[in-house]
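Written out below as structure tokens is the structure these notes cover.
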Amino acid sequence: MKNPTLRGIDLVKRFGGVVALDGVNIEVPPRSVVMLIGPNGSGKTTLINVVSGYYLPDRGMVFLNGREITRLEPHERFGLGLVRTFQIPEPFKKLTVLENILLAARSHPGESAFKVIFRRSWRQYEEEIIEKAFRILELLNIDHIWDTRAYQLSGGQLKLLEIGRALMSDPMLLLMDEPVAGVNPVLAHNIMEHIVRLRDNLGISFLIVEHRLDIVLDYVDKVYAMHRGKIIAEGGPKRVIENPLVAEAYLGG
Ligand SMILES: Nc1ncnc2c1ncn2[C@@H]1O[C@H](COP(=O)(O)OP(=O)(O)OP(=O)(O)O)[C@@H](O)[C@H]1O
Ligand SMILES: [Mg+2]
């Protein structure tokens, strides 16, 4: 059987007296969009932080595609294909869309610039990177604005650029905290359509924290609902939303 892209087992994280994660089990299957919901303070961001390596859990284990990564540094996880969108720095406002995408390119692990020079010419290396950048821009339907400077982009286009920058590092799993926050509904749907397309075309998995359930739910394969550090419901979006425990949690129960 295929390993899940991400697996968290019995994760516990305490801050003083607060148990932010209280025995969380979570699984993101390959090629899937998984959403994390729950009221304020329920532990969603803490879980993302533990998965991405910003916090070490007090207990439990994290696996990426079957490999244990519980104690790896964030940049080591990044090297293995676990990418968090805000790990990608803010776009450079004065640079164009294409230039911003190119800056996010990284040389492959273990492949120093030196080796690249000896193996093939810089020119060929650059051509490959530019081709890759354009493939990504096309996938996101922002190839027509490749020469536009970042400060001229709309909020929705900036979000797509941020996703594009993440894609340059060939992620296996993208973690996103509120990908459609502050974006108008039309663009929010557009961003979610692109996420689904990236899942289908590139086989990437997504773990998304989002409060705008009305927009995002239709696009996700699986939902985990959290409350007070625990998973209180999981499964298909409809099933989780209709779970009375979830409504109760949001009402402050
Ligand atoms: N660095 C920290 N130090 C102390 N307490 C923290 C820290 N990070 C989170 N907490 C606490 O852990 C609990 C879970 O917080 P977390 O930020 O994970 O919730 P959340 O579900 O992301 O909430 P929101 O929807 O508001 O973003 C809260 O009680 C919070 O106050
Ligand atoms: Mg949060």
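Where a number appears in this text, it was derived from the coordinates with a stated rule and is not lab data. Just so it is clear, the structure is predicted and the values come from calculations on it, not from any experiment. Ideal geometry is used to build each Cβ from the backbone, glycine not excepted, and the neighbour counts take in all protein chains shown.
For the chain, modelled as a Gaussian network with Cα springs under 10 Å, which listed residue fluctuates most, Val183, Val33, Val83? Checking each option, the largest mean-square fluctuation is seen for Val183. Label positions at Asp10 and Asp200, each projected 7 Å from the Cα along the C-beta direction, are separated by 4.0 nm. Report the FRET efficiency, 1/(1 + (r/R0)^6), for Ile129 and Val186, where r is their Cβ-Cβ distance and R0 is 35 Å, rounded to 0.05. In this case the efficiency is close to 0.60. Toward the positive end of the charge dipole of the chain, with +1 on the Cβ of Lys and Arg and -1 on the Cβ of Asp and Glu, the farthest Cα among Val62, Thr5, Val24 is that of Val62.
Looking at the chain, identify the longest residue range that excludes and avoids all GluC sites (Glu not before Pro) in DSSP loops having at most 16 other Cβ atoms within 10 Å.
Working: sites that count: Glu111, Glu242.
With a cap of 16 other Cβ atoms within 10 Å, the longest stretch comes to 112-241.
What helices in the chain pass both tests, a Cα length along the helix axis of 20 Å or more and a mean Kyte hydropathy of 0.0 or higher, using whole DSSP H runs?
Details: long enough: 122-139 (26 Å, -0.58); 185-202 (25 Å, 0.08).
Answer set is 185-202.
Taking the Cβ of Val183 as the center, what net charge do the other residues with Cβ under 12 Å away carry, scoring Lys and Arg +1 and Asp and Glu -1? Don't skip to the end; give the middle numbers.
Details: positive: Lys159, Arg212; negative: Glu162, Glu178, Glu210.
Spelling it out: positives minus negatives among the neighbours equals -1.
Kindly work out what percent of the DSSP beta bridges joining two residues of the chain are antiparallel, to the nearest 5. If I count the DSSP bridges inside the chain, around 55 percent turn out antiparallel. Amide H to amide H distances under 5 Å link Lys222 with Val33, Met35, where only residues 5 or more positions off or on other chains count and H is placed in the peptide plane.
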